[in-house]
Structure formats: structure tokens, C-alpha cells
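Peer 1: One structure is given below, represented as C-alpha cells, and several questions about it will come after.
Read the figures in this text as sums done on the coordinates, not as results from a lab. In this text, all values refer to a predicted model and were calculated from it rather than measured experimentally. In this analysis, Cβ positions are derived from the backbone assuming ideal geometry, glycine residues included, and neighbour counts consider all displayed protein chains.
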Amino acid sequence: MIKAGIIGSTGYAGQELVRLLLQHKDAEIVWYGSRTYIDKKYGEVYQNMFQLVDAACMDDNMDELAEKADVIFTATPQGLCASLVKNEILSRVKIVDLSADFRIKEVNIYEEWYGIKHVSPAFIGEAVYGLCEINREQVKKARLVANPGCYPTCTTLSVYPLLKEGLIHPGSIIVDAKSGTSGAGRAAKLGYLYCEVNENMKAYGVANHRHTPEIEEQLSYAAGESVKINFTPHLVPINRGILVTAYGNLNRTVTHDEVKAIYDKYYKDEYFIRVLDKGVYPETRWVEGSNFIDINFVIDSRTNRIIMMGAMDNLVKGAAGQAVQNMNLMFGLEETSGLRSVPIFP
């Protein structure tokens with residue numbers, strides 16, 4: 001039985017980790033960390049956990065936690081995990097960090113986009129970017145995994161095969177993305193109050209969203225050269241879900257079957273990636289509550305462009321589900337353990 005500790009268990013991603021781990025036959029939660037609710041029962045913070053979790057919330061003492069856990073999940077704001085991690089801790093416990101602290105390999109780029117100084121850059125090189133379908137073998141050997149961001153996960157998995165195969169021009173990619181409001185976290189903020197969000201859609205972080213360099217770095221690995229994109233996210237009035245629509249110039253004329261064969265080459269054996277039938281477009285409602293990502297594409301021969309689409313649950317495949325998927329790989333478990341939940345509808 002894997003003993004798991006969660007620092008930041010009372011945020012949306014942290015609560016989703018609790019929900020998934022409670023259903024995992026090989027995992028046991030031994031630490032519900034939360035600076036905001038220390039000593040308060042977890043089942044009182046989230047009433048859906050009433051009589052399911054009797055434990056009280058604890059602090060973020062990673063040294064003490066490392067003595068009790070086999071794996072630590074840090075579902076915390078940027079900078080916290082970097083301030084807590086050290087060699088002595090990593091010699092005793094594995095860490096899956098859901099923040100951006102170890103996702104970007106260039107320290108100066110991280111500091112520029114996140115506006116904070118990185119306090120443990122020595123671990124950036126060691127950290128494995130936990131996009132399981134692409135970095136599976138590295139994750140298996142890792143003691144520190146940087147869990148990918150939600151937008152980067154959906155974008156990268158939608159675009160990666162075609163970029164890797166040289167089908168689209170690396171300098172032509174435009175990403176239009178939509179996310180539900182849970183992506184902004186649970187803290188009270190004016191812009192995310194019901195009356196501010198309901199019956200409204202808006203772009204935000206235009207040309208400066210902090211997931212941009214993370215997406216560009218991963219797509220650069222696929223292309224084998226530096227990739228710069230236009231990335232525009234939008235906030236939509238739903239609780240969960242991400243929909244990405246990405247556009248790229250084709251390098252040659254292709255048929256639908258040729259493109260489908262490329263996606264199948266990379267994803268046919270991937271349980272959590274569903275490449276849809278021709279003419280069926282990804283929708284957030286068909287992946288809600290699950291670790292699946294639905295992908296499809298349309299060739300626009302009129303403009304010589306291809307439109308790539310992906311939909312997933314930002315709290316599951318975009319955060320907690322992917323973190324559990326990483327844990328499974330790190331401990332030699334069946335990769336789908338605890339994650340076979342069928343999408344919920346309606």
C-alpha cells in the first residue's frame with residue numbers, strides 16, 4: 001500500500017486528488033495538508049467527504065511528512081514546492097509537484113513568466129515532465145515529477161504527433177483554448193464570482209499567459225527546433241473542462257486517412273487518449289470527471305491548414321488524474337489504477 005501525503009489538499013486540484021486516491025486500491029492518504037484549515041476536519045471543509053475522511057487538516061511540514069509517506073503531492077501555488085524540496089527529502093520520498101516550479105527547464109524563463117525567483121534551480125534538470133504518454137519511461141525512474149499544466153496537457157497531446165512527424169510548420173501554430181472556472185482555483189476572487197462569470201465569455205492572459213512557455217518548450221521537443229505560438233485562453237461559465245482548438249499550416253497535401261494514421265501511430269495503445277471518428281468533434285461534457293482526453297482534427301484544404309481539437313477535464317487529466325497516473329508509473333503499478341472512472345453525464 002502506497003502511503004500518500006497531499007500538501008494543498010483543500011484546493012480544487014487537491015480535493016480531486018483526495019477523491020481519486022480514496023478509490024485507489026493501492027494507495028492510502030496519510031496527510032491532508034492545508035495551511036488555511038489546520039486542525040479542521042477535512043470532511044467539514046468538503047462536505048462530500050463527510051464520513052469518508054475523518055482526518056483533520058495538517059500543515060505543510062514536508063520533513064515530517066517525508067517520514068510518513070512514500071509519495072508527496074504538492075497541489076500548491078508556484079514557489080512553495082521549490083522552497084520545501086531538498087536532497088534529504090528526495091532520498092526518502094517521491095514528489096509529484098502540481099505547480100509549475102519544475103516544468104520549465106530554463107530558470108530565467110520561469111522567473112520572467114511567473115514573476116518570482118526560483119529558490120531550488122538545482123532540481124530542475126532532474127525533474128521529469130510528467131506527460132505520461134510522451135515521457136513514460138523517464139517517469140518510471142523519477143523521484144521528482146513536474147505534473148504538466150492543464151492547457152499544456154491538452155494542447156501538447158493534440159498537436160504533438162503532427163509536429164513530431166513534420167506535417168505542420170512549427171512557426172504557424174495558433175492555439176485558441178477555453179477553460180471552466182475551476183481552473184482559477186478555490187480562493188475568492190472578484191473576477192470569478194458567479195455574477196461576474198455567468199452568461200459571459202472572455203479572453204484573458206492574451207499574449208502573456210504563463211502556460212505559453214511550457215507549451216512552447218514541449219512543442220519544441222516535438223519539432224526538434226524552437227517553436228513560438230500564439231496562445232489565447234478564454235474563461236467560459238462551466239465548472240470543469242478544457243477545449244483546445246489549434247491551427248497549423250500543412251507542409252504537404254494530406255488525406256484524412258494519412259493524418260488519422262499518424263495519430264494512431266502515437267496513441268492507439270494509449271488508454272486515456274481517444275482519437276474520435278471522422279466528423280465527431282471533442283466536447284467537454286463527454287470527458288467530465290474522467291482522465292480521458294478526446295482528440296480529433298479537420299483538414300482545411302482551402303487554406304492549407306489543419307485544425308486540431310482536444311477536450312479534457314482540467315481537474316483530472318489536467319491536474320489530479322495525471323498526478324495519480326504519474327504515481328502509478330513511479331511505483332510500478334498498472335498505469336490506469338484508480339483512474340478508470342467513466343465520464344459522468346449529464
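Peer 1: Rounded, prolate or oblate for segment 94-234? Axes are the square roots of the Cα gyration tensor eigenvalues, ordered a ≥ b ≥ c, and the cut-off for rounded is a/c under 1.5.
Peer 2: oblate
Peer 1: Another question about this same structure. In whole percent, what relative contact order does the chain give with Cα contacts below 8 Å and a gap of six or more residues?
Peer 2: This gives 18 percent for the chain.
Peer 1: For the chain, take the longest principal axis of its alpha carbons; what is the angle in degrees between that and the long axis of helix 150-164, to the nearest 10 within 0 to 90?
Peer 2: 40
Peer 1: While we're on this one: Can you pull the percent of Cα pairs in the chain with separation above 25 Å?
Peer 2: Within the chain, distances greater than 25 Å cover 51 percent of Cα pairs.
Peer 1: Say the dipole of segment 2-126 comes from +1 at the beta carbon of Lys and Arg and -1 at that of Asp and Glu; which of Ala69, Ile124, Val53 then lies farthest toward its positive end?
Peer 2: Val53
Peer 1: Of Leu98, Leu52, Leu21, which is the most mobile in a GNM of the chain whose springs link Cα atoms less than 10 angstrom apart?
Peer 2: Leu52
Peer 1: Through the Karplus equation 6.51 cos²θ - 1.76 cosθ + 1.60, θ set to phi - 60°, convert the phi angles of segment 60-75 into ³J(HN,Hα) values in whole Hz; use x for Gly and Pro.
Peer 2: With coefficients 6.51, -1.76 and 1.60, one gets 10, 6, 5, 4, 5, 4, 5, 7, 10, 10, 9, 9, 10, 9, 10, 9 Hz.
Peer 1: Then there is this: Report, to the nearest 10°, how far helix 212-223 tilts away from the longest principal axis of the Cα atoms in the chain, using its own Cα long axis and a range of 0 to 90°.
Peer 2: Approximately 60 degrees, to the nearest 10.
Peer 1: How high is the relative contact order of segment 1-112, in percent, counting Cα pairs under 8 Å that sit 6 or more residues apart?
Peer 2: 26
Peer 1: Ok, one more. For the cross-link pairs Lys141/Lys202; Lys94/Lys202; Lys141/Lys178; Lys140/Lys265, which exceed 31 Å when the distance is taken from alpha carbon to alpha carbon?
Peer 2: Lys141/Lys202; Lys94/Lys202; Lys141/Lys178
Peer 1: Moving on to the next point. So what's the gap between the Cα centers of segment 83-121 and segment 279-346, to the nearest angstrom?
Peer 2: Using only Cα atoms to place each centre, the spacing works out to 26 Å.
Peer 1: May I pose another question? Could you identify which residue out of Lys68, Lys228, Lys189 has the top mean-square fluctuation in a GNM of the chain using Cα springs shorter than 10 Å?
Peer 2: So, out of Lys68, Lys228, Lys189, the one fluctuating most is Lys189.
Peer 1: Just to be sure I understand: with springs between alpha-carbon atoms less than 10 Å apart, which residue in Thr36, Thr76, Thr232 has the highest mean-square fluctuation in the Gaussian network model of the chain?
Peer 2: Maximum fluctuation in the GNM of the chain, among the listed residues, is at Thr36.
Peer 1: Counting DSSP beta bridges with both partners in the chain, what percentage is antiparallel, nearest 5?
Peer 2: Bridges in the chain that DSSP calls antiparallel: roughly 45 percent.
Peer 1: What ranking of Asp300, Asp176 emerges when the number of other C-beta atoms within 10 Å of each C-beta is taken as an exposure proxy, fewest first?
Peer 2: Listed from fewest to most nearby Cβ atoms, that is Asp300, Asp176.
Peer 1: Multiplying the sequence separation of Val206 and Glu137 by 0.36 nm and subtracting their Cα-Cα distance, what value in nm do you get?
Peer 2: 21.3 nm
Peer 1: Calculate the length of the line joining the C-alpha centroid of segment 1-57 to that of segment 146-178, in whole Å.
Peer 2: 33
Peer 1: Less than 18 Å apart at the alpha-carbon level, and either on another chain or at least 8 residues along: which lysines does that give for Lys25?
Peer 2: Lys3
Peer 1: May I pose another question? Å³ per residue of the Cα convex hull, for segment 49-118?
Peer 2: Cα-based convex hull of segment 49-118, divided per residue, equals 112 Å³.
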